[in-house]
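**Q** First, the structure itself, so that you have it in front of you.
Every read-out reported here was derived from the displayed coordinates using simple, explicitly stated rules and does not represent laboratory data. Quick caveat, the model's predicted, so the values are computed rather than measured. Cβ atoms come from the backbone with ideal geometry, glycine included; neighbour counts cover every protein chain shown.
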Number of protein chains: 4
Amino acid sequence: MDDDTLARRCADAMWARDRASQALGIRISDVAPGRATASFTITEVMVNGHAIAHGGYVFTLADTAFAFACNTYGVVTVAFGADVVFVAPARLGAQLVARAEERARYGRNGVYDVTVRTADGELVAEFRGRSRATSAPLLSEG
Amino acid sequence: MDDDTLARRCADAMWARDRASQALGIRISDVAPGRATASFTITEVMVNGHAIAHGGYVFTLADTAFAFACNTYGVVTVAFGADVVFVAPARLGAQLVARAEERARYGRNGVYDVTVRTADGELVAEFRGRSRATSAPLLSEG
Amino acid sequence: MDDDTLARRCADAMWARDRASQALGIRISDVAPGRATASFTITEVMVNGHAIAHGGYVFTLADTAFAFACNTYGVVTVAFGADVVFVAPARLGAQLVARAEERARYGRNGVYDVTVRTADGELVAEFRGRSRATSAPLLSEG
Amino acid sequence: MDDDTLARRCADAMWARDRASQALGIRISDVAPGRATASFTITEVMVNGHAIAHGGYVFTLADTAFAFACNTYGVVTVAFGADVVFVAPARLGAQLVARAEERARYGRNGVYDVTVRTADGELVAEFRGRSRATSAPLLSEG
């Protein structure tokens, strides 16, 4: 299995068990080794009385892209921590796109940058995730 | 109005407009100047196929406690950014309690530490939020 | 050997090899399990043309307190990363005191909060360090 | 004055007053709007007894690159905070190169990524700085 195929099969396995991301209407795309994109639309349950998204949902989208990006190598990899900078509010009905890209991998550790933008390209948040690989295989043996 | 009364009235005003936190079943308690506690129970929509909460929901609870704590001084204060360390997974049905405490306030800026634990006291996450006050009053006049 | 004695012996062993901290005139005090204080005075080589310390030296003091605090358990423990918030400038001649306190320890990982103040108690910076223990003993046998 | 010229004149003005960076033997290069590179060589005073650099000096180099990169627009801009991930130790005699690149600028705020490598290209640290512009001009008139 080549690296791209492994990455996509990992994403499929992640997705099958990630009911939380499914329930939020998140879509995963552009999966490759160390990369993934997650997107969703801000709905009524995610906003406050001024129609602005709770920052937790912006983080959740970025965290999902991060999780899919760092789990592309065939071993279960967990989120160790993350830093987020909130740049601009996200509004009800907006489609948000979070692109995760690997910045560094060393030993079992990884650093991933995730940029969250609206579909129009407006910057919403910058996220940096810290991952750690376990020794558990992500894909069950055929 | 004394400081504690102001803090509680701010929390009431925040709560009235925070539909997202209401929808998650979050409860706010122990509000005082620079402090607040948020708690909720991990439900089916928050977990993956192994009954472990998506990290985004743990962050969201901490972020909510942070938002209520930094909005206790009568002016609208926004989350500028945050760092989170995920310590242990949170499981389906667990009640999580996030206690936010002010660490520093300088100029319009603030630093708030939030510890997330299970109701049994097991540590789940450590969060540090960075806030910035606007010049908008949080409470409407008269 | 009790925990406090172990902590102090670890600090002595750390200090003996930490030429960089010695060269900066750092003093270590108040060492106990998960705790340490580092202090120094801002000198000419640490400041810019306006007599304000380079942020790197404020970080270095906090990082030193963190290193001594997380190395109090008898195993070599490394700094994995850190976040710092710069609150106020530190001036030439000021004495800075960095107090490190353990916030969490789980598996081989730790989270330590360090507050940097002037000797007058003015807040200069808030630092949060992330540590990871190795399996190497810190104290040589016999 | 075009943007590149402004950026370089800002760097010259920064350098003239930055005695701390001069004292560390730091060299600044590749200055452009939102970008700068800082480099130095790890010397005896920066290392511990095992000839490994104190993390504070690695941070300091990254922080310097960050400061020069965010001060390329003609207004005095301060470091608000930063996160650093230490990837590998830096050894006595190694030349380190820190490249700072702007990731986002919004209102008076900025986010800058700095990667620190050895001259051989080995990754040493990943740093993310948060800046805030003041209203003071960086270049004196006439």
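**Q** Given the rule -39500 (n - 2.57) for each run of at least 4 DSSP H residues, summed and divided by the residues of chain B, what is its mean residue ellipticity at 222 nm, to the nearest 500 deg cm²/dmol?
**A** Numbers: 3 runs with 36 residues, N = 142.
That calculation yields -8000 deg cm²/dmol at 222 nm.
**Q** Between A:E122 and C:V75, what's the calculated FRET efficiency when r is the beta-carbon distance and R0 is 41 Å? Round to 0.05.
**A** On the way: r = 48 Å, r/R0 = 1.17.
Calculated transfer efficiency: 0.30.
**Q** Please name whichever of B:A119, B:Y73, B:V31 sits farthest to the positive end of the charge dipole of segment B:3-137, dipole taken about the Cα centre and charges placed at Cβ: Lys and Arg +1, Asp and Glu -1.
**A** Working it through, the farthest residue towards the positive pole turns out to be B:Y73.
**Q** Still on this structure, please answer the following. Given a Förster distance of 22 angstrom, what is the FRET efficiency for B:T43 paired with A:Q95, based on the Cβ-Cβ distance and rounded to 0.05?
**A** On the way: r = 25 Å, r/R0 = 1.16.
That pair, B:T43 with A:Q95, gives E of 0.30.
**Q** Within 10 Å of each candidate Cβ there may be at most 11 other Cβ atoms; applying that plus a DSSP loop requirement, which GluC sites (Glu not before Pro) in segment D:35-142 survive?
**A** On the way: sites: D:E44, D:E101, D:E102, D:E122, D:E126, D:E141; in loops: D:E122, D:E141.
The qualifying sites are D:E141.
**Q** Within a Cβ distance under 9 Å of A:A100, other residues only, what is the Lys/Arg minus Asp/Glu net charge?
**A** Details: positive: A:R35, A:R99; negative: A:E101, A:E102, A:D113.
Net charge in that neighbourhood comes out at -1.
**Q** Between D:M1 and D:S29, what length comes free when the chain is fully extended (0.36 nm per residue of separation minus the Cα-Cα distance, one decimal in nm)? Each step should come with its number before you reach the end.
**A** Working: separation 28, 0.36 × 28 = 10.08 nm, distance 1.98 nm.
Between D:M1 and D:S29, full extension yields 8.1 nm more.
**Q** Read phi for every residue in segment A:34-39 and hand back ³J(HN,Hα) as whole Hz from Karplus 6.51 cos²θ - 1.76 cosθ + 1.60, θ = phi - 60°, with x for Gly and Pro.
**A** Once θ is set to phi - 60°, the couplings for segment A:34-39 become x, 9, 6, 10, 10, 9 Hz.
**Q** I'd like the orientation of helix C:3-17 relative to chain C: the angle between its Cα long axis and the longest Cα principal axis, in ° from 0 to 90, rounded to 10.
**A** So the helix axis and the longest Cα principal axis differ by about 60 degrees.
**Q** With axes computed from alpha carbons, what is the tilt in degrees of helix B:55-70 against the longest principal axis of chain B, rounded to the nearest 10 within 0 to 90?
**A** Helix B:55-70 and the main axis of chain B meet at about 20 degrees.
**Q** Related question: Add +1 for every Lys or Arg and -1 for every Asp or Glu among the other residues with Cβ under 11 Å from the Cβ of D:R117, and state the total. Write out the running numbers ahead of the final one.
**A** Details: positive: D:R99; negative: D:D120, D:E122, D:E126.
That works out to -2.
**Q** Provide the net charge surrounding B:A7, with neighbours chosen by a C-beta distance below 12 Å and charges set as Lys +1, Arg +1, Asp -1, Glu -1. Display every interim value, and only then the final one.
**A** Numbers: positive: B:R8, B:R9, B:R35; negative: B:D2, B:D3, B:D4, B:D12, B:D30, B:E102.
Overall, the nearby charge balance is -3.
**Q** Give me a single rounded figure for D:109-122: the average over its residues of other chain Cβ atoms within 10 Å of their Cβ.
**A** Shielding by partners across D:109-122 averages 1.
**Q** Right, something else. With the convex hull built on the Cα atoms of chain D, state its orientation-averaged projected area in nm².
**A** Details: hull surface 33.2 nm².
Answer in nm², one decimal: 8.3.
**Q** Relative contact order of chain A: what whole-number percent is it, with Cα pairs under 8 angstrom and at least 6 residues apart? Please report the intermediate quantities before stating the final value.
**A** Details: 323 pairs, mean separation 36.7, N = 142.
With pairs under 8 Å counted, the relative contact order is 26 percent.
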